[in-house]
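Data block below; observations after.
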């Protein structure tokens, strides 16, 4: 039982790292796409909206967890749905950028691009609130994932 619990926490830490890697690489891809569609001056707005999306996802998770504090199954079911939606949202947004004709309004591109960050913020906030006893390890896994993402993106975009 104890060994199984330790294994599931280890998988959780790896999941957090991979989530951070994917969101970091997605953010860099967005900056490259936006700089190709618009001028490079707009690429800095991607960082701002990604942080906004993470915050919105955290607020949504907080409100849902507050309303369903006693229902642990609700958290698991909702978290699984969001984890499945995460890669679908990456594909959807990048596909949408490909399909959309050139638009002069940057919000046409930015608002859909925030969706994966909102989902990611929801996932991270839910995990941090559920496993607050190991929040230091979760944060470490998050930082490791972001660091690895910054290294991997150098090799993937060349």
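Worth pointing out:
- Being under 13 Å from the mean Cα position of the chain (by Cα), without any contact (Cβ under 8 Å) to a residue 60 or more places away in the chain and assigned to a helix (DSSP H, G or I) holds for only one residue in 151, 88, 111, and it is 88.
- Taken over segment 91-108, the criterion of being loosely packed, with under 15 Cβ neighbours inside 10 Å, part of a helix (DSSP H, G or I) and touching a helix residue (DSSP H, G or I) at 6+ places or on another chain (Cβ under 8 Å) is satisfied by 92, 96.
Condition check ((1) outside any helix (DSSP H, G or I); (2) surrounded by 12 or more Cβ atoms within 10 Å (Cβ to Cβ); (3) free of Cβ contacts under 8 Å to residues at least 40 places away in the same chain; (4) on the phi < 0 side of the Ramachandran plot) across all residues:
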residue: 34; (1), (2), (3), (4): no, yes, no, yes
residue: 43; (1), (2), (3), (4): no, yes, yes, yes
residue: 47; (1), (2), (3), (4): no, yes, yes, yes
residue: 54; (1), (2), (3), (4): no, yes, no, yes
residue: 65; (1), (2), (3), (4): no, yes, no, yes
residue: 73; (1), (2), (3), (4): no, no, yes, yes
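Every number here is computed from the coordinates shown, using simple stated rules; none is lab data. Just so it is clear, the model here is predicted, and its values are computed rather than measured. All Cβ positions, glycine included, derive from the backbone under ideal geometry; neighbour counts span all protein chains shown.
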